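The values are calculated or read from the model by the stated rules, or taken from the named source; none is laboratory data. No experiment lies behind these values; they were computed from the predicted model shown. All Cβ positions, even for glycine, are placed from backbone atoms using ideal geometry, and neighbour counts span all protein chains on display.
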Amino acid sequence: MSQHIKLFIPGPVEVSPGTFEAMSQPMMGHRSKGFQDLYAEIQPQLQALFGTKGQVYLSTSSAWGVMEGAIRNLVTKKVLNCCCGAFSDKWYDVAKRCGKQAEAYQVEWGQPILAEEIDKRLATGEFDALTLIHNETSTGVLNPIVEIAALKAKYPEVMFIVDSVSGFTTVPMNFDELGIDVLLTGSQKAFALPPGLALFTASEAANARAATVPDRGYYFDFLEFRSNGEKSMTPSTPCISLIYGLQHQLKVIFAEGLENRFARHERLNGMVHEWVRRNGFEFFAPEGYRSKSLTCVANNREIDVAKLNSILKAEHRLIIDGGYGKLKGKTFRISNMGDETDATIASLIASLDDAMSKL
Ligand SMILES: *Cc1c(COP(=O)(O)O)cnc(C)c1O
């Protein structure tokens, strides 16, 4: 694989040979006992990761499928979209494209979403749902999910829909304790699987709400996921290869142990942060709200990020990300999520130092 360029972009991330090997197992019918056994085997592990006694669903789509699906299933009055970067801003756009009443609580990119600001807006009584991105991948902001989720007790009628696509399994997340209504993630971020599989769980209140919504569609109908899930199946033919990959990654995750996994992400993220400080760069996200899975570096030194990346690619066979959308060149992002180790991040840092010396 001499063409192999290792990805330190915040998704898709590097996929291990062991995962690819697991994914190359023969196909089976998705209504066969073999598939039901696979589904049932991984269910308790997924429930432990999500921190829920409820079902965890497998959707053959990227995360956006479930993000759009949650809007279609749960919004009847008006949704409050908490917007702090490219993914969260897009969710507001998606809500409107679904024909829903929607309002943006917009903060400047790089800033976090604050519970007291949500509280003020929900107090109007206009909303029956809100969307929140836990770890805004475009800006490297980790939003204060515990404080925000605490508002659910005050507004039980509001569906709290949370995307932890790039935060999931890098920091603790406990769905049942948070008391939120939907938690969703995708395969190509910290799970370190190829893209194409989304995972989510939904509260009983969410399913009850969905039951009142006539035009939920089919492919992302929460009630289809629930009734099929009860039989250890998915509504339509799933990405079986990715589910074999997931089975493998779950073994890897639980062999390491969740606490160790969180500590490793924190430690590797800290190594990248140290490199940022040593090189006189600043962080795009404020202290206290920084992601543990990636670092969004403010390019205050105004280096040529495209050139840095081309040296990394040509001479070190790896790439970082040159900044998302309107932040291109103004920031750059370095991922430490997935299967990375102290050794691979140390090697990345040596490569960054070499490339910086050649700018
Ligand atoms: C990557 C990402 C998504 C989108 O995932 P797709 O796989 O492209 O659908 C959504 N939200 C966040 C926070 C992400 O990082």
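Of everything in segment 149-164 that is touching a residue at least 40 places away in the same chain (Cβ under 8 Å) and within 16 Å of the ligand (Cβ to nearest atom), the residue that is nearest to the chain's Cα centre (by Cα) is 163. Contact annotation: residue pairs with Cβ atoms under 9 Å, 6 or more positions apart or on different chains, pairing a residue in segment 190-211 that is without any contact (Cβ under 8 Å) to a residue 60 or more places away in the chain with a partner that is surrounded by 23 or more Cβ atoms within 10 Å (Cβ to Cβ) and part of a loop (DSSP other than H, G, I, E, B), are 205/181.
Which residue is nearest to the chain's Cα centre (by Cα), if the candidates are limited to segment 165-183 and must be within 19 Å of residue 210 (Cα to Cα) and within 16 Å of the ligand (Cβ to nearest atom)? Taking the candidates together, the pick is 183. Residue count for segment 111-148 satisfying the condition of being in contact with a helix residue (DSSP H, G or I) (Cβ under 9 Å, 6 or more places away or on another chain), over 25 Å from residue 297 (Cα atoms) and more than 16 Å from the ligand (Cβ to nearest atom): 10.
Only one entry in 229, 196 is within 16 Å of the ligand (Cβ to nearest atom), of a type outside the set (A, V, I, L, M, F, W, C) and assigned by TED's automatic domain parsing to the domain that holds residue 50, namely 196. When every residue of segment 165-173 is checked against the conditions, none turns out to be free of Cβ contacts under 8 Å to residues at least 60 places away in the same chain, surrounded by 20 or more Cβ atoms within 10 Å (Cβ to Cβ) and out of contact with any His (no Cβ under 7 Å at 6 or more places or on another chain).
The set of residues from segment 20-37 being in contact with a helix residue (DSSP H, G or I) (Cβ under 7 Å, 6 or more places away or on another chain) and either assigned to a loop (DSSP other than H, G, I, E, B) or not assigned by TED's automatic domain parsing to the domain that holds residue 167 (or both) comprises 25, 27, 28, 29, 30. Within segment 318-359, if we keep just the residues that are within 20 Å of the chain's Cα centre (by Cα) and in a helix (DSSP H, G or I), the residue that is surrounded by the fewest Cβ atoms within 10 Å (Cβ to Cβ) turns out to be 325.
Here residue 285 meets the list (1) closer than 21 Å to residue 189 by Cα; (2) surrounded by fewer than 20 Cβ atoms within 10 Å (Cβ to Cβ); (3) touching a residue at least 12 places away in the same chain (Cβ under 8 Å) almost entirely, failing just condition (2).
When every residue of segment 98-106 is checked against the conditions, at least one turns out to be surrounded by fewer than 19 Cβ atoms within 10 Å (Cβ to Cβ), assigned by TED's automatic domain parsing to the domain that holds residue 162 and within 21 Å of residue 288 (Cα to Cα). Residue check: residue 277 meets all listed conditions (1) more than 29 Å from residue 108 (Cα to Cα); (2) surrounded by fewer than 17 Cβ atoms within 10 Å (Cβ to Cβ) but one, namely (1). For segment 184-201, a tally of residues being among the aliphatic types (A, V, I, L, M) and either within 11 Å of the chain's Cα centre (by Cα) or over 13 Å from residue 165 (Cα atoms) (or both) returns 4.
Looking across segment 288-312 at every residue that is under 18 Å from residue 340 (Cα atoms) and in contact (Cβ under 8 Å) with a residue 60 or more places away in the chain, the one that is surrounded by the fewest Cβ atoms within 10 Å (Cβ to Cβ) is identified as 292. Only residues that are in a strand (DSSP E or B) and away from the ligand (no atom under 11 Å from the Cβ) were counted across segment 57-110, and they come to 14. The set of residues in segment 66-93 being surrounded by fewer than 19 Cβ atoms within 10 Å (Cβ to Cβ) and not charged (D, E, K, R) consists of 76, 86. Only a single criterion out of (1) within 17 Å of residue 183 (Cα to Cα); (2) among the small types (Gly, Ala, Ser); (3) in a helix (DSSP H, G or I) is not satisfied by residue 40, namely (1).
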